[in-house]
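To keep things clear, I will list the structure first and then write my remarks on it.
Where a number appears in this text, it was derived from the coordinates with a stated rule and is not lab data. Everything numeric in this text was worked out from a predicted model, so none of it was measured. Every residue, glycine as well, gets a Cβ built from its backbone with ideal geometry; the counts of neighbours run over all protein chains shown.
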Ligand SMILES: Cc1ncc(COP(=O)(O)O)c(C=O)c1O
């Protein structure tokens, strides 16, 4: 596996190290193996009556059970989508569309993924009211502000389970309690949490939960929305009768099969992955604190994802660090991938109260199940030199 990451360049052999697993993950070879027959001989349309269709239908339903098992749901509560973004859109748009209240109000947080934030803003333009609840320095949602925001018109609370940039895990139990007291549906974007920490909808008691396949070593372009039985929600895509008329369109059978296999593997290996990845992640602050002055580690120190580490460096641009690390064969990100290409400071870090200079001087490491100790040690070897060199050139450092 590791040998695959060596790349011959004009300068010699570069050992590529991938530490951007919150952006996406490589498809696990076992997942690819499971998908392959559904691209070749078992190519049928899952709605067809013949043998080809039956094979595809069985594979889709087996995958549904695997996804359900990973989050403690029953398979009828799993609806396949094209990914996390669609699941988030459906939760917000579907619940509001199904409500009979007159002026609709939603509650979300300021550090959601753009799939929720931009959709909420669009709903605002369409006449809905939205409260964006703030977070503290660690990225935890203010429960006081959230309860105060609730009113007669509130139809949905949507707060992510774990943040994509800093990894902070939200107090979903408390949030669901507030929702229940007022009869308000609760959605959580669990795209970064599922497969990395235990997620059980029976314990969380949320009504809707978004998952994405490509964050857990499944293929891109497939995901699911968990919809608790009895939740009022309108379809997002109408057409043929797929997904029990709730999400039309011929099923992405190979994608769904891969997603199902990725969920099965995540469930089987969760405990081992979680512990190993957290140990690797913890080497980074331990090793860089003494070697790099003026750094800050963002996010909650205990309630957080095992593989995520957001670091802010004073007097240096995060993007410059990302590019320098890339030159050394190390892939990390500055802020979320969706915001890359823009040099705006991370909205998540700003919402957590970081100044814009410090937010702009931030990078995100996100480790996954395939990372190795020696890869982290290589980062600890090159990062201090990079930061020192960039600071020496930075007008901000003077
Ligand atoms: C928290 C969160 N929600 C939603 C998404 C979007 O998922 P997808 O890429 O499957 O559309 C992402 C992807 O970065 C994410 O991190």
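Taking label points 7 Å from Cα along the Cα-to-Cβ direction, residue 177 and residue 52 give a separation of 5.5 nm. Cβ-to-Cβ counts within 10 Å put 105, 164 in ascending order as 105, 164, the fewest first. The antiparallel fraction among DSSP beta bridges confined to the range 29-265 stands at about 40%.
Could you work out the percent of alpha carbon pairs in the chain separated by over 30 Å, rounded to a whole number?
Working: 33582 of 79003 pairs.
Result: 43 percent of Cα pairs exceed 30 Å.
Between 0 and 90 degrees, the angle of helix 373-393 with respect to the longest Cα principal axis of the chain falls at about 60 degrees.
Indicate, rounded to the nearest 5 percent, the antiparallel portion of the DSSP beta bridges found entirely in the chain.
Close to 55 percent.
Our helix-only sum for the chain, with -39,500 (n - 2.57) per DSSP H run of n ≥ 4 divided by its residues, gives a mean residue ellipticity at 222 nm of -12000 deg cm²/dmol. Arranged from fewest to most other beta-carbon atoms within 10 Å of their beta carbon, 333, 343, 82 become 343, 82, 333.
Over the chain, what is the relative contact order in whole percent, taking alpha-carbon pairs under 8 Å and six or more residues apart? Provide the component values of the computation, followed by the final result.
Working: 792 pairs, mean separation 86.2, N = 398.
For the chain, the relative contact order is 22 percent.
When only Cα pairs below 8 angstrom with a gap of at least 6 residues are kept, the range 81-130 shows a relative contact order of 44 percent. Dividing the mean sequence gap of close Cα pairs (under 8 Å, 6+ apart) by how many residues the range 56-172 holds gives a relative contact order of 24 percent.
Treating r as the C-beta distance of residue 148 and residue 97 and R0 as 30 Å, the FRET efficiency rounds to 0.70. Listed from fewest to most Cβ neighbours within 10 Å, the set 246, 160 follows the order 246, 160. Axis of helix 172-181 versus longest Cα principal axis of the chain: the two differ by about 40°, to the nearest ten degrees.
Could you state the angle between the C-alpha long axis of helix 114-125 and the longest principal axis of the C-alpha atoms of the chain, as a value from 0 to 90 degrees rounded to the nearest 10? Rounded to the nearest ten degrees, it is 60.
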